[in-house]
Amino acid sequence: RVPLGGLFRILRVQPIRRIREFTFGETLAALRAAGFGAMRLEDVLCARGVQELEGVFGAGPARVDAIDEAQLGALRLAHWGLRRLRVDVLRALAPAFRATISGQIGRLVELLSTGRVVYLAPEGVTSRSGRFGGVRAGPWQVYRRCAKPPPVLPVALSYDPLCRGRMRAIV
């Protein structure tokens, strides 16, 4: 993994987070902030989540507060953090995570309303075949929240893996 936080600050990049992209470390912080710290792991995490923590710690910690993030290692950065929660716990945390995303979208709307240029990649993923992935809802939400509809300039980006030598990017 390459930490991109410094590069994002230099380029002024503000990625929109998706619910499924919150890491296990961020999920633990949210659990503690929401008052789930004193609960048993079995009451907060699904069976697979408990099993993965036991794989790291040997015997799983008894409570959420007992999880030492320094000992989690790579597990702290795993992007399936919310997928290991029990459904009722996830429902309790979802409004806070959605508020984070809503704040990010609000910031992009603010930039557009002041005349700044914003680049959004709605498909979010590329494939080896050159086809685009499914369109995400974030760019649509940004557009809908603007008081005055901003001009939209569509740009397509693809890669030609069949060319000789270096791979070509086609815009």
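Answer with yes or no whether Ala59 is over 23 Å from Trp140 (Cβ atoms), in a loop (DSSP other than H, G, I, E, B) and either open to solvent by less than 80 Å² (accessible area, probe 1.4 Å) or not charged (D, E, K, R) (or both).
Working: over 23 Å from Trp140 (Cβ atoms): yes; in a loop (DSSP other than H, G, I, E, B): yes; either open to solvent by less than 80 Å² (accessible area, probe 1.4 Å) or not charged (D, E, K, R) (or both): yes.
Against the criterion (over 23 Å from Trp140 (Cβ atoms), in a loop (DSSP other than H, G, I, E, B) and either open to solvent by less than 80 Å² (accessible area, probe 1.4 Å) or not charged (D, E, K, R) (or both)), Ala59 qualifies.
No other residue among Ala78, Ala96, Ala70 is among the small types (Gly, Ala, Ser), more than 30 Å from Cys146 (Cβ to Cβ) and open to solvent by 50 Å² or more (accessible area, probe 1.4 Å) apart from Ala70.
With respect to the conditions (1) under 22 Å from Arg136 (Cβ atoms); (2) open to solvent by less than 80 Å² (accessible area, probe 1.4 Å); (3) in a helix (DSSP H, G or I), Val118 lacks only one, and its number is (3).
In the range 123-148, of all residues being among the hydroxyl-bearing types (Ser, Thr, Tyr) and modelled with pLDDT under 85, the one that is surrounded by the fewest Cβ atoms within 10 Å (Cβ to Cβ) corresponds to Ser129.
Of the set (1) surrounded by 13 or more Cβ atoms within 10 Å (Cβ to Cβ); (2) in contact (Cβ under 8 Å) with a residue 40 or more places away in the chain; (3) of a type outside the set (D, E, K, R), all apply to Leu90 but (2).
Selection over the range 24-49 of residues that are over 17 Å from the mean Cα position of the chain (by Cα) and closer than 12 Å to Arg86 by Cβ gives a count of 12.
The values are calculated or read from the model by the stated rules, or taken from the named source; none is laboratory data. Quick caveat: nothing in here was measured; it's all calculated off a predicted structure. Heads up, the Cβs are rebuilt from the backbone with ideal geometry, glycines too, and the neighbour counts pull from every protein chain shown. Ligands, DNA and RNA are excluded from the accessible area calculation, which covers all protein heavy atoms including side chains. Shrake-Rupley method; radii C 1.70, N 1.55, O 1.52, S 1.80 Å.
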